[in-house]
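Shown next, in structure tokens, is the structure this report addresses.
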């Protein structure tokens, strides 16, 4: 299979990373060479293999539902590029 | 007493405990050498003034029962450090100052160590040469214009160049062991679940693990003892009985069964790597261990599997960088435009490439063909190791298929760069511990490493084998201080 310019533009949109025409063309080449290399996996028959989703195949531990960090609002907002009092500020979403 | 910065961690701890050295003297010595070593570009953020203050405070009321009493050390810039900028080598986190501390660094400070600064690394730990960092290349102290390996390149350089006695890195596909091998230092990637991932900037969460890097095996064991802990804040942290790795360290490996996997003899591998491997086999045999030939039949599928699993997890982890909550923000005409420009300007090209690979393999219509397939092959790779460990106690392989290469040599060919990790990636996929120790030099005088892979949670055993081999190898790093005028 091969990845074309249209696919790159689609992935770029899904990834929320804008790419210009020149970069998109470069990515076509890069991704195709990487996927050529990945295609090797098709040599293996895996119908009856159970996928390994996590190395630590344990069930998640439960803990009591108690507040651990209190009053950290200031800390949470501290690194935001733009804020107003207790809110993150983003470009206008609804006209 | 030898020059302070030339001393190992073990020697420094002893000298501080015996009051032959103060923390201030040691801290000052490493800072002075770092000031003269800026050309290596190992530090992203220096925290020298604060380090000297902390050392002074330590000396006023020294607690000598701690494991790292007043020992200064720098850490990879992937660990969140409270009130000290943490960038992950990326423009997108260029202004990020964490309000909390990672568990692993917290463990280190509570044993008395002092932060010197944050070390350069590939952007989001994605790279094998430290060339993807927004803050520029790192020079390998071994030779001019030589990469230190990656992603923990700054960490490896700083230990080899004696700018820090020890350090910690992270290893997702070889990011501790490959740079250790390229710089003639020791690097351990612990079992998945051994060290907490809390507060480490995430790359691929099912593979990421923090680990120690040092000048020798004993120092590495001591640091592993400090950083490994069960942590409720990491849902994959595992509660198992941890050894006193440094206290229990022994060179007695008599009767241990060491596996030699035939699949690691790859096409095009230089003869000097093969010779080094043979020498390593002789050394463990001399120590009384038994050599057993084994097979890990799915080895050649490990890298393709990794290049699906790791980017997939990365694309999901890195979705958080949206220019809203923290980090870099670009101006946009609307919200979506702001997201797209922020991520396009904030991430470097390798990170963008991996996010896009990951997004593609997880996207509708391709998930089964790529991601699910890779998870299945990952099971086969893990099964290979499970089978092998019915016959052997540990596995011995080369750490890398070559010695360090020149800066710029592989940047235009992503696949050839990825091939660097051919011997280290299977270990992450199977969640096992692996250690790289310096074992010799190539014709150019560059260091070469051997890797010992252990059973899960069997760090003590591979540290012991490494310790026994280290004695036999008697490796001396050839560092000329070429960068100091």
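The values are calculated or read from the model by the stated rules, or taken from the named source; none is laboratory data. Keep in mind the model is a prediction, meaning the values are calculated, not measured. Positions of Cβ are backbone-derived with ideal geometry, glycine not excepted, and every protein chain shown enters the neighbour counts.
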Q | Residue that is nearest to residue A:23 (Cα to Cα), among those in the range B:336-348 that are more than 7 Å from chain A (Cβ to nearest Cβ) and free of Cβ contacts under 8 Å to residues at least 12 places away in the same chain | A | B:337
Q. Does residue A:15 count as surrounded by 14 or more Cβ atoms within 10 Å (Cβ to Cβ), at the interface with another protein chain (Cβ under 9 Å from one of its Cβ atoms), under 24 Å from the mean Cα position of the chain (by Cα) and over 22 Å from residue B:321 (Cβ atoms)?
A. no
Q: Select from the range A:66-93 the residues that are part of a loop (DSSP other than H, G, I, E, B) and either in contact with a strand residue (DSSP E or B) (Cβ under 7 Å, 6 or more places away or on another chain) or more than 10 Å from every other protein chain (Cβ to nearest Cβ) (or both) and list them in ascending order.
A: A:66, A:67, A:70, A:71, A:80, A:85, A:86, A:89
**Q.** Positions within the range B:43-97 being free of Cβ contacts under 8 Å to residues at least 24 places away in the same chain and away from chain A (no Cβ under 14 Å), in sequence order
**A.** B:49, B:53, B:57, B:60, B:61, B:65
Q) residue B:264 is checked against (1) within 22 Å of the chain's Cα centre (by Cα); (2) under 17 Å from residue B:393 (Cβ atoms) and fails just one. What number does that condition carry? A) (2)
Q | Single residue of B:354, B:379 found to be without any contact (Cβ under 8 Å) to a residue 40 or more places away in the chain and either within 21 Å of residue B:299 (Cβ to Cβ) or more than 9 Å from every other protein chain (Cβ to nearest Cβ) (or both) | A | B:379
Q: Return the total of residues in the range A:18-32 being over 18 Å from the mean Cα position of the chain (by Cα) and assigned to a helix (DSSP H, G or I).
A: 10
Q: Could you look through the range B:357-376, keep only residues that are modelled with pLDDT under 95 and in a helix (DSSP H, G or I), and pick out the one that is farthest from the other protein chains (Cβ to nearest Cβ)?
A: B:368
Q. Which pairs have Cβ atoms under 8 Å, sit 6 or more apart or on different chains, and link a residue in the range B:238-259 that is on the phi > 0 side of the Ramachandran plot to one that is at pLDDT 95 or above and outside any loop (DSSP other than H, G, I, E, B)?
A. B:255/B:290
Q: Looking only at the range B:208-232, count how many residues are within 14 Å of chain A (Cβ to nearest Cβ) and either surrounded by fewer than 24 Cβ atoms within 10 Å (Cβ to Cβ) or part of a strand (DSSP E or B) (or both).
A: 4
Q) Does the range B:234-257 contain at least one residue that is under 22 Å from residue B:187 (Cα atoms) and part of a helix (DSSP H, G or I)? A) no
Q) Got a number for residues in the range B:340-351 being surrounded by fewer than 24 Cβ atoms within 10 Å (Cβ to Cβ) and out of contact with any helix residue (DSSP H, G or I) (no Cβ under 6 Å at 6 or more places or on another chain)? A) 6
Q: Sort through A:42, A:84, A:71, A:48 and tell me the only one that's at positive phi, over 21 Å from the mean Cα position of the chain (by Cα) and without any contact (Cβ under 8 Å) to a residue 12 or more places away in the chain.
A: A:71
Q. Does residue A:3 meet the test of being touching a helix residue (DSSP H, G or I) at 6+ places or on another chain (Cβ under 9 Å), facing chain B (nearest Cβ under 9 Å) and in contact (Cβ under 8 Å) with a residue 24 or more places away in the chain?
A. yes
Q | Selected residue (criterion: farthest from the other protein chains (Cβ to nearest Cβ)) from residues of the range A:33-60 that are assigned to a helix (DSSP H, G or I) and surrounded by 16 or more Cβ atoms within 10 Å (Cβ to Cβ) | A | A:35
Q. When the range B:302-335 is examined, which residues are found to be without any contact (Cβ under 8 Å) to a residue 40 or more places away in the chain, within 19 Å of residue B:97 (Cα to Cα) and either assigned to a helix (DSSP H, G or I) or within 24 Å of the chain's Cα centre (by Cα) (or both)?
A. B:320
(Q) If I ask for residues that are closer than 14 Å to residue A:82 by Cα and crowded, with 18+ Cβ neighbours inside 10 Å, which ones from the range B:313-329 would you list? (A) B:322, B:323, B:324, B:326, B:327, B:328, B:329
Q. Is there any pair with a first residue in the range B:273-301 that is at positive phi and a second that is not in a helix (DSSP H, G or I) whose Cβ atoms are under 7 Å apart and which are 6 or more apart or on different chains, and what are they?
A. B:288/B:253; B:288/B:254; B:288/B:255
**Q.** Elements of type helices (runs of 4 or more DSSP H) in the range B:101-198, at least 2 residues being within 26 Å of residue B:476 (Cα to Cα)
**A.** B:153-160, B:177-183
